[in-house]
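Trainee: Structure incoming, see below.
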Amino acid sequence: GAVVSQHPSRVICKSGTSVKIECRSLDFQATTMFWYRQFPKKSLMLMATSNEGSKATYEQGVEKDKFLINHASLTLSTLTVTSAHPEDSSFYICSARAQFTYEQYFGPGTRLTVT
Amino acid sequence: EDQVTQSPEALRLQEGESSSLNCSYTVSGLRGLFWYRQDPGKGPEFLFTLYSAGEEKEKERLKATLTKKESFLHITAPKPEDSATYLCAVQATSGTYKYIFGTGTRLKVLA
């Protein structure tokens, strides 16, 4: 149980274009989903928290107009990187939390490369 | 300020050589402490949740313990497949469910 998927696993896009990453909870309803960014050999950096049907809460320093988050259902959240630039290249990981629980279950991650 | 510190940063063990990883934390109120394992290029895999001092959890060669200031992840007779980065995270009682992560311990077990 507690499986979270992400799609795509890898994506390469050109500078200036937008890319969407999907995060799905496969066997539970995710009251809260989180989006993280991870740099090589570093720990996870929380970008934003989203609750189903509500606007996402962004961490300090994260541009909400650049990283658009939508949590339209209890099993799906999306992260759209708008007007991507090479510095946005990174490993993006989502996690999901079920109602009445505290643990986060993580997706396998998406490797974004902006050329 | 809430924070989490893990030590050592990196650890090399021979197969069968038991050891412990440390996670020290300061948080205004602890809701839970969580251990994860992360393999390169993958998302973290959930291992344990600890809620109160004195609590212990076990899974195969891993055992996690919790005090009021720190948690230990004990690895007994490790195997090469235990090689990974182990992450510790705490969740405060402040009302949100977000984690405060430590920087992780990179474990390498040599055959």
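Trainee: At a threshold of 8 angstrom on Cα-Cα distance, excluding pairs fewer than six apart, so keeping six or more, what relative contact order does the stretch A:34-99 reach in percent?
Mentor: The value is 33 percent.
Trainee: For chain B, what does the relative contact order come out to in percent, with C-alpha contacts under 8 Å and a separation of six or more?
Mentor: That works out to 37 percent.
Trainee: Rounded if a/c is under 1.5, else prolate if a/b beats b/c, else oblate: with a ≥ b ≥ c from the C-alpha gyration tensor eigenvalues square-rooted, which is chain B?
Mentor: Values: a/c = 2.07, a/b = 1.72, b/c = 1.21.
The shape class here is prolate.
Trainee: Treat the count of other C-beta atoms within 10 Å as a stand-in for reagent exposure and order A:CYS13, A:CYS23 from fewest to most.
Mentor: Numbers: A:CYS13 16, A:CYS23 28.
Fewest-to-most Cβ neighbours within 10 Å comes out as A:CYS13, A:CYS23.
Trainee: Here is a follow-up. Can you tell which of A:THR31, A:PRO8, A:SER50 lies farthest toward the positive end of the dipole of the stretch A:6-54, using +1 and -1 charges on the Cβ of basic and acidic side chains (Lys, Arg; Asp, Glu)?
Mentor: A:PRO8
Trainee: Can you give the FRET efficiency for B:SER94 and A:ARG111, using 1/(1 + (r/R0)^6), R0 = 45 Å, r = Cβ-Cβ distance, to the nearest 0.05?
Mentor: Working: r = 33 Å, r/R0 = 0.72.
That pair, B:SER94 with A:ARG111, gives E of 0.85.
Trainee: Find the lysine pairs in the stretch A:1-107 meeting two conditions, Cα atoms under 19 Å apart and a separation of 8 or more places or different chains, and report how many there are.
Mentor: Numbers: A:LYS14/A:LYS66; A:LYS20/A:LYS55; A:LYS20/A:LYS64; A:LYS20/A:LYS66; A:LYS55/A:LYS64; A:LYS55/A:LYS66.
Here the count comes out as 6.
Trainee: Got a sec? How would A:GLU63, B:GLU17 order by Cβ neighbour count within 10 Å, fewest to most? Walk me through the numbers before you get to the answer.
Mentor: Details: A:GLU63 10, B:GLU17 13.
With the fewest neighbours first, A:GLU63, B:GLU17 line up as A:GLU63, B:GLU17.
Trainee: Rounded to the nearest 20 Debye, what is the dipole magnitude of the protein assembly as shown about its Cα centre when Lys and Arg each give +1 and Asp and Glu each give -1 at the C-beta? Numbers along the way, then the final one.
Mentor: Values: 26 positive and 23 negative charges, 69 e Å.
That gives the protein assembly as shown a dipole magnitude of about 340 debye.
Trainee: So what's the net charge close to A:PHE106: Lys and Arg +1, Asp and Glu -1, counting the other residues with Cβ under 15 Å from its Cβ?
Mentor: Details: positive: A:ARG24, A:ARG37, A:ARG97, A:ARG111, B:ARG37, B:LYS42, B:LYS98; negative: A:GLU22, A:ASP27, A:GLU103, B:ASP39, B:GLU45.
Taking every other residue near A:PHE106 into account, the sum is +2.
Trainee: Can you give the FRET efficiency to the nearest 0.05 for A:ALA72 and B:GLU15, using r as the Cβ-Cβ distance and R₀ = 41 Å? Please report the intermediate quantities before stating the final value.
Mentor: Details: r = 48 Å, r/R0 = 1.17.
The computed FRET efficiency comes out at 0.30.
Trainee: Ranked by Cβ crowding within 10 angstrom, fewest neighbours first, how are A:MET47, A:MET33 ordered? Write down the numbers at each step before the final one.
Mentor: Details: A:MET47 22, A:MET33 29.
Ordered by Cβ neighbours within 10 Å, fewest first: A:MET47, A:MET33.
Trainee: Cβ under 13 Å from B:THR67's Cβ, B:THR67 left aside: what net charge do those residues give with Lys, Arg +1 and Asp, Glu -1?
Mentor: Details: positive: B:LYS68, B:LYS69; negative: B:GLU55, B:GLU56, B:GLU70.
Net local charge, B:THR67 excluded: -1.
A short reminder: the numbers here are calculations on the coordinates, not readings from a lab. Just so we're clear, the structure is a prediction, and the values are computed from it rather than from any experiment. Heads up, the Cβs are rebuilt from the backbone with ideal geometry, glycines too, and the neighbour counts pull from every protein chain shown.
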